[in-house]
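What follows is one structure encoded as structure tokens, with my remarks underneath.
All of the numbers you see were taken from the coordinates with simple rules; none came from a lab. Keep in mind it's a predicted model, so treat the numbers as computed, not measured. Using ideal geometry, Cβ is built from the backbone for each residue, glycine included, and neighbour counts are taken over all protein chains shown.
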Amino acid sequence: MTGFKGPNRVFSGVQPSGGMHLGNYLGAIRKFVGMQATHDCYFCVVDMHAITVFQDPKKLREQTYHVVASYLAAGIDPEKAVVLLQSAVPAHAELAWILNCVARLGWLDRMTQFKDKAGKDKERASVGLYAYPVLMAADILVYKATHVPVGEDQKQHLELARDVAGKFNREFGVADFFPLPEPLIKGPGARVMSLRDGTAKMSKSDPSEQATIYLSDDADAIARKIKKAKTDPEPLPSDVAGLEHRPEAANLVGVYSALSGRTAADVLKEFGGEGFGKFKPALADLVVEKLAPIGAELRRLEADRAYLRRVLMDGAARAAAVADKTVAEVKEIVGFVV
Ligand code: TYM
């Protein structure tokens, strides 16, 4: 941290680009829930990020409601935390433009997520997909957020946000105007892998339904997916070192650990030497116990569009009160006539 003197503030976001899954829950949403009682929190549905790859407009709207409902079903209280829609707070886009003029092409060229998403034909990727991490920096910095709970895959983007903040502060001679936001990544569940391939992360865009446990899955679907999850033929090892080079086993033990609040070593103390025939049903029971109530509440809330809209619009107003102030300060700093 630098000498930033503002309050501790938490910001994070989720894209409405598909169904919320166990990775989103363990890597991000569950951490949000844990922070709202002690921190000033802003949890965003980042629809402007979602459109960096084409989204069917009707689906985008559905998925936006789905993310808000998932936040609330998981336990985020919109009275405590500010729950907002990115496109409803124009300050994000305004600051993003100014930060586009601070970030360097060379920094963006190194972003591995762009390379993964753009694939071989990067000439055909949208400009938005390339500038995506700068919009992310703007999301965070427009609230002068100091802490950002995310999954492991966002680490490089967070480093870029810190670089952008530091360069802005230096270039304009406003030391500590922006904080250098701290990523909060650690803990089991920071990287949940696909159930079909322990080397690929669980993702909203996986073409195989079987690879992903969705928050909306019912108990039967969860149990079926875990039963069919790819594994190797060996029994579980009795210590954590024995999980090395066994990505599928490591992932399932990691999920058990994250959901039970026990260390992987402790889980292996109980299940070491057992085959997956014994471990998988225990894991399925645990996942159902933790996710089924969230799924039920999610379905109930998703049907109440008027309430979800109210939450988002109220959140946008509360968020804009903070974000507009930052943009006004930034305009002054960069020399716009205000
Ligand atoms: P997104 O929508 O891809 O994912 C939302 C959150 O879920 C985490 N996550 C995972 N964690 C563990 N295992 C997985 N398999 C897994 N898959 C996803 C992500 O790390 C993320 O925390 N760029 C962001 C959204 C964003 C944002 C921001 C985040 C926009 N602006 C500002 C923080 C701050 C994204 O695409 O997340």
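Table for the structure above
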{"read-out": "C-alpha center-to-center spacing [region 11-67, region 142-218] in angstrom", "value": "12 Å"}
{"read-out": "Acute angle (nearest 10 degrees) that the helix 276-302 long axis makes with the longest principal axis of the chain, alpha-carbon atoms", "value": "40 degrees"}
{"read-out": "Net charge of neighbours whose Cβ lies under 15 Å from the Cβ of residue 62, counting Lys and Arg as +1 and Asp and Glu as -1", "value": "+3"}
{"read-out": "Rounded tilt (10° steps) of 57-74 against the dominant C-alpha axis of the chain", "value": "70 degrees"}
{"read-out": "Long-range amide H partners of residue 85 with built H, under 5 Å", "value": "45, 316"}
{"read-out": "Using θ = phi - 60° and Karplus 6.51 cos²θ - 1.76 cosθ + 1.60, couplings along region 207-217 (whole Hz; Gly, Pro as x)", "value": "x, 8, 4, 5, 7, 10, 9, 8, 4, 8, 5"}
{"read-out": "Taking the C-alpha atoms of region 195-238, convex hull volume expressed per residue in Å³", "value": "102 Å³"}
{"read-out": "Loop-located GluC sites (Glu not before Pro) in region 37-125, at most 13 other Cβ atoms within 10 Å (DSSP)", "value": "79"}
{"read-out": "Computed E for residue 77/residue 167 - FRET, C-beta separation, R0 41 angstrom, nearest 0.05", "value": "0.70"}
{"read-out": "GNM top mover of 86, 113, 36 - the chain, alpha-carbon springs below 10 Å", "value": "113"}
{"read-out": "Distant-in-sequence amide H partners of residue 36 (H built 1.01 Å from N, under 5 Å)", "value": "none"}
{"read-out": "Region 167-178 - phi-based ³J(HN,Hα) in whole Hz, Karplus 6.51/-1.76/1.60, Gly and Pro as x", "value": "5, 4, 4, 6, 4, 9, x, 10, 3, 6, 4, 9"}
{"read-out": "Within the chain, helix-based [θ] at 222 nm, where runs of 4 or more DSSP H residues each add -39,500 (n - 2.57), nearest 500", "value": "-16000 deg cm²/dmol"}
{"read-out": "Mean separation of Cα contacts under 8 Å, 6 or more apart, over the residue count of region 187-338: relative contact order %", "value": "23 percent"}
{"read-out": "Extent along principal axes [Cα atoms of region 201-285; Å; largest to smallest]", "value": "33, 24, 22"}
{"read-out": "Placed amide H near residue 13: partners under 5 Å, 5+ positions off or other chain", "value": "44"}
{"read-out": "Summed side-chain charge close to residue 152 - residues other than residue 152 whose Cβ falls under 13 Å, Lys, Arg +1, Asp, Glu -1", "value": "+3"}
{"read-out": "14 Å beta-carbon shell around residue 268, net charge (K/R +1, D/E -1)", "value": "-2"}
{"read-out": "Fully extended contour minus Cα-Cα distance, from residue 321 to residue 107, at 0.36 nm per residue", "value": "73.9 nm"}
{"read-out": "Computed log₁₀ I(q)/I(0) - Debye formula, equal Cα scatterers, no solvent, region 153-193, q 0.16, 0.27, 0.30, 0.33 Å⁻¹", "value": "-0.48, -0.87, -0.98, -1.07"}
{"read-out": "Given the chain, longest segment not containing exposed loop chymotrypsin sites (Phe, Trp or Tyr not before Pro) (DSSP; at most 13 other Cβ within 10 Å)", "value": "55-335"}
{"read-out": "Rotationally averaged projected area of the chain (alpha carbon convex hull; nm²)", "value": "17.9 nm²"}
